[in-house]
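The values are calculated or read from the model by the stated rules, or taken from the named source; none is laboratory data. Note that the structure is predicted; figures quoted are calculated from it, not measured. Cβ placement follows ideal geometry from the backbone for every residue including glycine, while neighbour counts extend to all protein chains displayed. Heavy atoms of the whole protein, side chains included, go into the accessibility calculation; ligands, DNA and RNA do not. Shrake-Rupley method; radii C 1.70, N 1.55, O 1.52, S 1.80 Å.
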Amino acid sequence: MLIALLILVAAICILAVVYPYLIYPTLLAATKARPIQLGAPECGDGADFTLLFCAYNEASAMAQKLANLRDLRCRYPAMQFMAFDDGSSDGTADLIARDAPFVQLIRGGGRNGKAHGMKLMARQASTPVLVFTDANVLLDLDAPQALAACYSDSSVGGVCGALHYLGADGSSTAAVGGLYWRLEERIKDLESRSGSVMGADGSIFSIRAELYPEFPDTVLDDFTVSMSVVFNGLRLIKSNAVIAYEQLVSSRGDEFARKVRIAARAYHTHSELTSKRRKLSLTNRFRYFSHKTLRWFGGAFLLAGAASGIAAVSLMWPLAGVVVGVLIGTMIVIGIYTHKGAISSVLEIVLAMLATLQGVARAARGQTFAVWNPAKSR
């Protein structure tokens with residue numbers, strides 16, 4: 001009886017781990033499509049758009065970033081640009097002021113956090129559409145035109161772009177990050193095809209300015225802002241024609257810390273949005289649970305499933321249980337000391353789930369992160 005129970009627990013845990021990545025996308029693919037009415041990909045001089053980003057100690061990324069902004073400015077002379085510097089100590093703000101004087105720069109004067117900076121800029125922006133991006137992200141020059149085509153449909157309140165990661169052929173950390181992101185992009189494509197995406201990534205997304213919500217500085221602003229579209233009954237879609245580029249993180253330590261921080265803020269945000277989540281349609285509640293909630297606890301399901309499986313094997317064949325334990329321990333050691341190959345990649349996936357679980361645990365204890373530091377290994 002105990003062995004059967006352990007096997008059942010292991011099976012349920014395995015199902016919970018793979019469901020968001022394999023079963024949920026399959027269910028989405030079987031859902032009836034709801035195409036939007038795309039307009040012409042034309043936005044004139046860009047007068048409808050304000051591009052906003054926050055920066056902290058991003059001097060090393062500024063040469064490419066500001067060159068990209070100058071190209072956008074040349075292509076769309078009426079487009080507005082805003083930047084918030086969160087007290088950088090490496091001269092980031094001075095570089096923006098010197099090399100891109102057309103950017104409306106707000107100097108934070110200290111560490112306040114991205115959410116704080118984005119709120120300040122959003123309040124001052126005067127265009128009907130806000131475009132959010134990161135300091136190390138480069139925007140394709142045709143992106144504003146693709147956004148304009150999407151907003152021709154009045155049911156569209158926000159648009160997620162397609163982020164193309166650079167450097168996915170480097171370390172296992174970068175390779176797994178690239179694989180995860182391709183899967184995430186596929187899920188967003190399927191959600192957009194039949195309804196709304198369950199939240200945008202801060203690298204590239206936009207919303208109608210009238211939908212920008214109020215929120216505390218401690219939440220994950222990109223998730224909060226993008227979900228405000230869904231909460232207001234409009235569609236948050238994904239357009240693969242709105243392209244942006246970002247360098248992948250290649251250091252295991254950087255990526256683990258980043259995932260802990262993001263998960264803590266995401267789960268804290270999830271709690272802050274409880275009253276709004278309860279008003280979602282049943283369809284969107286199901287999507288939210290499948291895309292977000294289950295993933296946050298993937299690490300717990302992984303640990304419980306592994307423990308139950310090993311215990312069941314040990315009870316049936318004690319020697320086999322010892323062998324399995326030794327093999328797992330050996331793989332962990334190999335994965336720690338290598339940075340490429342299948343074993344290292346498997347370890348990266350496990351660490352990603354455990355980092356997310358650690359972040360959720362911190363948020364559940366009341367700990368969150370208002371400020372951030374750029375990854376050194378980009």
Leading residue by the ranking (farthest from Lys292 (Cα to Cα)) among those in region 1-28 that are exposed (fewer than 12 other Cβ atoms within 10 Å of the Cβ) and within 24 Å of the chain's Cα centre (by Cα): Thr26
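Taking region 85-114 as the search range and keeping residues that are among the hydroxyl-bearing types (Ser, Thr, Tyr) and within 26 Å of the chain's Cα centre (by Cα), which one is most open to solvent (accessible area, probe 1.4 Å)? First the steps, then the outcome.
Narrowing region 85-114 to residues among the hydroxyl-bearing types (Ser, Thr, Tyr): 88-89, 92.
From the residues that got through so far, the ones that are within 26 Å of the chain's Cα centre (by Cα) too are 88, 92.
Details: Ser88: 29, Thr92: 0 Å².
Of everything passing the filter in region 85-114, Ser88 is most open to solvent (accessible area, probe 1.4 Å).
Looking at the structure I just gave you, is Glu210 in contact (Cβ under 8 Å) with a residue 12 or more places away in the chain and surrounded by fewer than 18 Cβ atoms within 10 Å (Cβ to Cβ)? Write out each step before concluding.
Values: in contact (Cβ under 8 Å) with a residue 12 or more places away in the chain: yes; surrounded by fewer than 18 Cβ atoms within 10 Å (Cβ to Cβ): yes.
In short, yes.
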Search result, residues across region 139-153 that are among the aliphatic types (A, V, I, L, M) and farther than 18 Å from Asn68 by Cα: Ala148, Ala149
Residue check for Leu220: buried (at least 19 other Cβ atoms within 10 Å of the Cβ), modelled with pLDDT of 95 or more and within 16 Å of the chain's Cα centre (by Cα): no
Boolean, Thr31 is closer than 30 Å to Ala146 by Cα, free of Cβ contacts under 8 Å to residues at least 60 places away in the same chain, open to solvent by 50 Å² or more (accessible area, probe 1.4 Å) and not aliphatic (A, V, I, L, M): no
Contacts under 9 angstrom Cβ, first residue in region 119-148 being without any contact (Cβ under 8 Å) to a residue 60 or more places away in the chain, partner in a loop (DSSP other than H, G, I, E, B), 6 or more apart: Leu120/Gly108; Leu120/Asn112; Arg123/Tyr212
Answer residue from region 36-80, given it is open to solvent by 80 Å² or more (accessible area, probe 1.4 Å) and under 24 Å from the mean Cα position of the chain (by Cα) and is modelled with the highest pLDDT among those: Gln64
Unique residue being in a helix (DSSP H, G or I), at pLDDT 95 or above and crowded, with 20+ Cβ neighbours inside 10 Å when the list is Ser226, Ser239: Ser226
